[in-house]
Amino acid sequence: MPFTKLGLPPTLVNGVKAMGYVDPTPIQLRAIPVVLGGGDLIGSAQTGTGKTAAFALPVLARLGKHEARGPRVLVLEPTRELAAQVETAFRDFGRFTDIRATVVHGGVGYGRQRSEIQAGTDIVIATPGRLMDFLNEGTLRLDGLQILILDEVDRMLDMGFVKDVKKIIGHCPKARQTLFFSATIPPEIDAIASFALRNPTRVEIGVSRTVNKSVTHAFYPVGTALKFELLVALLEKTDFHSCLVFSRTKHGADKIARKLKAANHSVAVLHANRSQSQRVEALEGFKSGKYEVMVATDIAARGIDVAGVSHVINYDIPANPEDYVHRIGRTGRALAVGDAFTLTTPEQADDIRAIERFIGQKVPQLKLEGFNYNAQPPRPMGFQGAAPDYSQRPAPQHRPQGQRPAFGQGQRPAQAQRPAGAHAPQQSRPAPSHSPQQSGQPAAPGGNTGQPAPRKFGGLSRGTWNRR
Ligand code: AMP
C-alpha cells in the first residue's frame, strides 16, 4: 500500500516523497492508521525499521496546523542524539506544514530552548532531565498536551529515568493519546504501560531478537592481550567505508580511540562523558566521512541513524545479548548491507552462548588469516623492548560515499546473502583469508538462514542533520 492510501494529508505525503521514501515499512503500515484514529499504541520494533516516521507522520497529521500555545505533543527520548535525530525527522516530514518542533536536552545552554518554548511550539522532543528543569521552573506546562510519546522505553529505564518518566507522565492531562515504543517489552515496561496507556493496540514488528538479514556477522576469538592488535589487523584487512567500534566502558572507548589514532586512523569518540559539542562534532564528522572510525559505548550509540556504516566491530562483547542485536543493527540499515565482527576472549564462552541463545542461531567463529595468534603481547608500561609501531602504517584512504565496501581479503561468514542488485556481488570479492575456527559450524538456524526478503524500502539517509 502506498503512502497516499494511509490517510495522511497531501502536505505530509509530499514531505515523505521529498525524503525519497516510496512505500511504507511494515511498522508504518500498521501503526499509522492506529495513531491517526487516536488510539494508544505499544510498538515493539527494532531501530532501523522506520519507527520514527510511524509515529511522526500520523502525529503531524493530527496536529494539522501550528497553534501559538503550549506544546500539544511531547516525545521523550533517552539520549540527546536521539532527541536531535527525532526533531530533525519531524522537521523533515513536516517541511510543507507550519508546525513547529523544539528539541530540549542537556549539554547545551538553556537560553535558546527556553525562548523557543516561550514563543509557542507544537511539539517538544526532550530528554527527561532537561525537561524536568523546564517543568520545575515553570517555563513549560503540559496541561494542553494531547499526545505523549515514549520512545526507546527499555533504554530509558536502563538509564535510570524511571522516576522522571513517571513524574513527567503526572504532569500530562489524563485525557490524552499515549504511544510507547520499545525494542523489548519486559515486565517492568508492561507495568508502566498499564498505568500510562488505555486499551493500547500492540504492534510487534519482526522479532527484536533477530539480526537484520542484511548484516553478516561473526565472532573472532583472541587472547585478551592481543585484542587491540586483532582490531588493528581487522581494520587493515577489511575494506571498510565507515566503522563503528563498540567498547563496554567510556574509559575503554577513550583508550581504543587514542590507540587507533596512533595507528593512523581518523577516529571520533562518542560517550556520555564527552561534552555536547564534542558529541555533535563526533557524529557529524563520522557522518560526513571526516572520521572513518567511531568508537562508542552502547548508550551513546543506541538508535543512532548513520546511513552507510559498513562495519561494526564489537571490541568488547556486549554485556546484554539484546545489545548485540542493537549494536550490529547500526550497520545494514534499510537497504544497505554490512558486516559485524565481535572479538571474543576465552573466558567469554557464557556470553557467546547467551547471544546465540538470544538470537536463536550459531554465530560463525573465524580466525583472521595472517594474524599471529601466538605473538608476544605488546610490552606493558615501562618495558623497554620493541613495541609495535603503528605509525608506520600508511594513512588510510577514504573511500567515496556509497561505494560498496568489500569484505577485505576476507571470506564472508555463512549466513547472510546479499540482496541482488545495488551492491557488489559476492563472487567479486577478493580471495578469502578468514578461516572458520570451528569446522562443521551449522548453517544458522532460525531467522537468518535464507535469502532476505526483497526490501521494499530504501537505505536513504536523512535529508538533513543540522538544525534548521
Ligand atoms: P528509524 O527506524 O526511524 O530510525 O528509521 C531507519 C531509517 O530508515 C532512516 O534512515 C529512515 O530515514 C529510513 N526510512 C524510514 N521509513 C522509510 C521508508 N518508508 N522508506 C525508506 N526509508 C525509510
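The values are calculated or read from the model by the stated rules, or taken from the named source; none is laboratory data. Because the structure is predicted, anything quoted here is derived from the model rather than measured. Note that each Cβ is placed from the backbone with ideal geometry, even for glycine, and that neighbours are counted across all protein chains shown.
Beta carbons closer than 7 Å, at least 6 apart along the sequence or on distinct chains, pair a first residue in segment 205-234 that is closer than 17 Å to residue 365 by Cα with a second that is among the small types (Gly, Ala, Ser) for 215/332; 215/338; 215/340; 215/416; 216/416; 217/340; 226/375. Of the residues in segment 244-262, at least one is over 22 Å from residue 344 (Cα atoms), of a type in the set (D, E, K, R), touching a strand residue (DSSP E or B) at 6+ places or on another chain (Cβ under 6 Å) and part of a helix (DSSP H, G or I).
Considering the conditions (1) assigned to a loop (DSSP other than H, G, I, E, B); (2) buried (at least 21 other Cβ atoms within 10 Å of the Cβ); (3) small (Gly, Ala, Ser), residue 282 is excluded by exactly one of them, (1). For segment 25-53, the set of residues classified as within 12 Å of the ligand (Cβ to nearest atom) and either of a type in the set (S, T, N, Q) or free of Cβ contacts under 8 Å to residues at least 60 places away in the same chain (or both) consists of 25, 28, 29, 32, 46, 47, 49, 52, 53, listed by residue number. Evaluating residue 224 against the criteria (1) surrounded by fewer than 19 Cβ atoms within 10 Å (Cβ to Cβ); (2) at pLDDT below 90 leaves one unmet condition, (2). Of everything in segment 102-123 that is among the β-branched types (Val, Ile, Thr) and over 15 Å from residue 85 (Cβ atoms), the residue that is surrounded by the most Cβ atoms within 10 Å (Cβ to Cβ) is 121.
Summed over segment 270-291, the residues that are touching a Ser or Thr at 6+ places or on another chain (Cβ under 6 Å) and farther than 14 Å from residue 257 by Cβ give a count of 0.
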